[in-house]
Amino acid sequence: MTILLTGATGFIGSSVLPRLLDEGHSVTALVRDAEKAAAVEAAGATALIGDATDAALVERAARESDGVIHLASAQDVDAVLVPAVLAGLAGTGKPFVHTGGVWTYGSNDDIAEDSPAAPPALTAWRGAAEALVREADGVRGIVVVPSIVYGYGKGLANVIADAPRGSGVEALRLIGDGSQHWATVHVDDLAALYVLALEHGSAGATYIGAGGQNPTVRELGEAAAQAAGVAGGVAGESVEESRSRLGEQLADALLLDQQARGTKARIDLGWEPNGPSLLEELLVGSYAPARV
């Protein structure tokens, strides 16, 4: 199939693009400039230079594709791109895999696809576009919901790995008291889920991308502190201190207490996440300080 892909040069896209190519698909990557075009072409894709909020361009590119994966999800982008893709694919039954976010479910110790929504302010905008995709008529609309994505030293895990060290006896600062769990997924495992959803996902389905590891922020901080040789280990901070340091909306999202297993994707699609855990990555992997 020829797949229209957005976000091909981003953190997740850099794993999804080669996965698509390895599975025998052709990829047209919508990119913003010549530099990004050169990057995707070097990886084996065809570049389409343009703006994701150019509705006419997106609709035409979607119509000419065999399916779409949208990774470059953002509030201003989704308001234009999602309706344009649905118009381009209307009546074809072709797949459109859209990106959601696990924070939509709020604090929950066993998140499943049908769990109630309780989004923080940071991601409250996501619901409208997700509903459009799931309810689309004549399109195989699918939503993949990544949990906190990590791997290759990138992503939100750096909020832990690069956390400030306190004064006095050096200690790595946590987000809040660190008791909250994070649902997590390795970026390569998530890429495999996107391709499986494209190829086999059911119309109207949502699949949570969660590797099944749900460490607490304190556990993650302790691994990062050990890897960096921080003498004082970790130290919690108040909610207000976290909000001041990270910004209120991001802090409130990172303070959510979330656990998820990704069971539906395993059962329905045969997804088998097997990447290293985030704890391993912080302790001895891509986020650990280089050892001389």
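Since every read-out is calculated from the coordinates, none of them should be taken as a lab result. It should be emphasised that the depicted structure is a prediction, and the values quoted were computed from it without experimental measurement. Cβ placement follows ideal geometry from the backbone for every residue including glycine, while neighbour counts extend to all protein chains displayed.
Taking the Cα centre of the chain as origin and assigning +1 to Lys and Arg Cβ atoms and -1 to Asp and Glu Cβ atoms, the resulting dipole is close to 260 debye. Between Arg245 and Asp177, what's the calculated FRET efficiency when r is the beta-carbon distance and R0 is 22 Å? Round to 0.05. Efficiency computed from Cβ-Cβ geometry: 0.95. A Cβ-based charge dipole, computed about the Cα centre of segment 225-280 with Lys and Arg at +1 and Asp and Glu at -1, lands at about 220 debye. In order along segment 79-84, the Karplus-derived 3J(HN,Hα) couplings, from 6.51 cos²θ - 1.76 cosθ + 1.60 at θ = phi - 60°, round to 4, 9, 5, 4, x, 5 Hz, and Gly and Pro are given as x.
Mind checking the full-extension length gain between Asp66 and Asp162? Use 0.36 nm per residue of separation minus the Cα-Cα distance, one decimal, nm. Intermediate values should be presented prior to the final figure.
Numbers: separation 96, 0.36 × 96 = 34.56 nm, distance 4.14 nm.
This chain segment gains 30.4 nm when fully extended.
The equivalent ellipsoid of segment 147-292 has semi-axes of 31, 17, 11 Å, largest first, where each one is the square root of 5 times an eigenvalue of the Cα gyration tensor.
Full extension of the chain between Ala128 and Asp110 yields a length gain of 4.1 nm, computed as 0.36 nm times the residue separation minus the alpha carbon distance.
When only alpha carbons of the chain are considered, Rg and Dmax amount to 19.4, 65 Å. Dividing the summed helix terms, -39500 (n - 2.57) for each DSSP H run of n ≥ 4, by the number of residues in the chain produces a 222 nm estimate of -11000 deg cm²/dmol to the nearest 500. Could you tell me which of rounded, prolate or oblate describes segment 216-291, using a ≥ b ≥ c as the square roots of the eigenvalues of the alpha-carbon gyration tensor, with rounded for a/c under 1.5 and, failing that, prolate when a/b is larger than b/c and oblate otherwise? Oblate, since a/c reaches 1.5 and b/c is not below a/b. Anyone know which of Val58, Val187, Val230 comes out most mobile in the 10 Å Cα GNM of the chain? Per the Cα network of the chain with a 10 Å cutoff, Val230 tops the list.
Assigning unit charges at the beta carbon (Lys, Arg +1; Asp, Glu -1) and nothing else, what dipole magnitude in debye, to the nearest 20, does segment 1-54 show about its Cα centre? Show your work: numbers first, answer last.
Numbers: 3 positive and 7 negative charges, 20 e Å.
Its charge dipole is roughly 100 debye.
Determine by what factor the alpha-carbon radius of gyration of segment 132-179 differs from 2.2 N^0.38 Å, reporting the quotient. Write down the numbers at each step before the final one.
Values: Rg = 19.0 Å, N = 48, 2.2 N^0.38 = 9.6 Å.
Relative to the rule-of-thumb radius for its length, segment 132-179 sits at 1.98.
Taking the three principal axes of the alpha carbon atoms in segment 1-92, the coordinate ranges are 30, 26, 19 Å, sorted in descending order. Amide H contacts for Ala205 (H built 1.01 Å from N in the peptide plane; partners 5 or more residues away or on another chain; cut-off under 5 Å): Val143.
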